[in-house]
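Handing you a structure now.
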Amino acid sequence: MTATESKTERPLDGWRVLVPRGGPWGDGVAASLRAQGAVPVVAPLINFAPTTDQETLDAALDRLQSGHYDWLTVTSATTVDVLFAHRVEVPRKTKIAAVGETTAAALQAVGYEVALVPELDNSAAGMAEQMIALEPDARRVLSLRSEIAKPVLSVMLTEAGHDVDSVIAYRTVGVPVTERIRRDVENGRINAILITSGSVASQVREQFPEIPDTTLLAAIGPRTAKDARKAGLPIAAIANKQTVDALIDTVSHFTLPHAADEFAP
């Protein structure tokens with residue numbers, strides 16, 4: 001499969017693209033794919049469940065609302081859902097750092113003001129480096145994360161002298177796909193699979209053990225690509241920015257591996 005510049009206004013005409021998450025996020029990605037001519041196949045591979053330590057989360061959110069923290073760090077749009085579900089009011093004195101543009105947009109959509117987004121590296125490490133450069137004095141930080149997320153951010157901030165509470169906000173759980181979706185992936189009817197996180201990569205590897213070589217596996221950024229390759233996935237396309245628009249644009253520069261009508265509907 002070789003990259004090529006698109007000659008049409010709808011560069012993904014004929015493509016069937018698996019979208020690995022549902023809900024409003026999945027609906028938005030599906031709409032963007034349709035606008036480029038693709039047929040989106042929304043097949044949630046992961047979902048999010050409440051933390052198993054709700055008491056600790058509630059206590060941290062109470063401290064947050066009371067103004068105890070100087071910073072709140074948010075590393076996923078799902079954390080925004082948790083904040084919104086708990087109707088958390090973040091005091092104006094507490095600055096919010098978002099890991100990337102997608103997370104920042106999710107925060108702003110529900111009324112939170114974002115003070116920092118990493119300029120170069122949209123990762124927990126990139127966010128920590130920028131916060132450390134910005135804050136030479138010790139600050140109180142609340143770091144909300146998934147159960148499976150590595151505590152990179154809190155470790156780096158703590159080593160730099162900050163007082164960090166690292167609290168699990170939610171759990172990531174796998175969702176089995178239908179037999180039809182599994183069959184469509186294995187017989188090549190799905191032309192591309194969007195890999196949007198390390199947890200999605202793990203589910204793709206687990207649920208689709210036999211992915212054809214012609215299927216394009218596209219990662220939302222270099223860090224996700226690294227996680228996906230660790231999971232055993234042959235990533236062929238990597239978005240240069242950690243946004244859905246960048247990911248879809250990256251896919252649009254590849255040629256469709258086989259004719260759209262090769263398989264019966």
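The values are calculated or read from the model by the stated rules, or taken from the named source; none is laboratory data. As the structure is a computational prediction, the values presented were derived from the model and not from experiment. Cβ placement follows ideal geometry from the backbone for every residue including glycine, while neighbour counts extend to all protein chains displayed. Surface accessibility is based on the protein's heavy atoms, side chains included, excluding ligands, DNA and RNA. Shrake-Rupley method; radii C 1.70, N 1.55, O 1.52, S 1.80 Å.
Students often forget the sequence filter, so: which aspartates and glutamates lie under 12 Å Cα-Cα from LYS93 once same-chain residues fewer than 8 apart are removed?
Partners found: ASP70, GLU113.
Out of the range 71-140, which chymotrypsin sites (Phe, Trp or Tyr not before Pro) are coil in DSSP terms and have no more than 15 other C-beta atoms within 10 Å?
Numbers: sites: TRP71, PHE84, TYR112; in loops: TYR112.
Passing sites in the range 71-140 do not exist.
Taking the mean number of other Cβ atoms within 10 Å as a proxy for protection, how do you rank 138-147, 236-245, 57-66 from highest to lowest?
Numbers: 138-147: 21.0, 236-245: 18.3, 57-66: 16.3.
Top of the packing list down: 138-147, 236-245, 57-66.
List the GluC sites (Glu not before Pro) within the range 33-135 that fall in a DSSP loop (any state other than H, G, I, E or B) and whose Cβ has at most 14 other Cβ atoms within 10 Å.
GLU89, GLU113, GLU119
So what's the net charge close to GLU113: Lys and Arg +1, Asp and Glu -1, counting the other residues with Cβ under 10 Å from its Cβ?
On the way: positive: ARG92, LYS95; negative: none.
Counting the neighbours of GLU113, the net charge comes to +2.
Mind checking which of VAL173, SER123, VAL19 is farthest towards the positive end of the chain's charge dipole, using Cβ charges of +1 (Lys, Arg) and -1 (Asp, Glu) about the Cα centre?
Looking along the dipole axis, the top candidate is VAL19.
Another question about this same structure. What number, rounded to the nearest 500 deg cm²/dmol, is the helix-based mean residue ellipticity at 222 nm of the chain, given -39500 (n - 2.57) per DSSP H run of at least four residues and division by all its residues?
After summing the helix terms and dividing by the residues of the chain, the value is -11000 deg cm²/dmol.
Just the number, please: percent antiparallel of the DSSP beta bridges in the chain, rounded to the nearest 5.
Working: 6 of 34 bridges.
If we restrict to bridges inside the chain, about 20 percent are antiparallel.
Given a 1.4 angstrom probe, I'd like the percentage of the accessible area of the chain that is carbon and sulfur, rounded to a whole number.
C and S fraction of accessible area: 50 percent.
Using the heavy atoms of the protein chains and a 1.4 angstrom probe, tell me the accessible area per residue for the range 1-156 in square angstrom. Walk me through the numbers on the way to the answer.
Details: 7760 Å² over 156 residues.
Averaged over the residues of the range 1-156, the accessible area is 50 Å².
With a cut-off of at most 14 other beta carbons within 10 Å, and DSSP calling the residue loop, which chymotrypsin sites (Phe, Trp or Tyr not before Pro) in the range 167-265 qualify? Please list them.
The qualifying sites are PHE263.
Continuing with the same structure: Show me, for the range 99-111, the HN-Hα J-couplings you get by feeding each phi into the Karplus relation (A = 6.51, B = -1.76, C = 1.60, θ = phi - 60°), rounded to Hz, glycine and proline as x.
Once rounded to whole Hz, the list reads 5, x, 5, 5, 5, 4, 5, 5, 5, 5, 5, 10, x.
Something else about it: Under the rule of at least 5 residues apart or a separate chain, name every residue whose amide H is placed under 5 Å from the amide H of LEU216.
Excluding prolines and chain starts, which carry no amide H, the hits are ALA192, ILE193.
So if I take the centroid of the Cα atoms in the range 122-166 and the same for the range 91-113, what is the distance between those two points in Å?
The range 122-166 and the range 91-113 have Cα centres spaced 16 Å from each other.
Now, a different point. With θ taken as phi - 60° and the coefficients 6.51, -1.76 and 1.60, list the Karplus ³J(HN,Hα) couplings across the range 121-126 in order, rounded to whole Hz; mark glycine and proline as x.
With coefficients 6.51, -1.76 and 1.60, one gets 10, 7, 8, 4, 5, x Hz.
Less than 16 Å apart at the alpha-carbon level, and either on another chain or at least 8 residues along: which lysines does that give for LYS150?
The reachable lysines, counting only those whose Cα sits under 16 Å from LYS150, are LYS226, LYS230.
Could you give the accessible area per residue of the range 175-265, probe 1.4 Å, as a whole number in Å²?
Here the per-residue accessible area is 47 Å².
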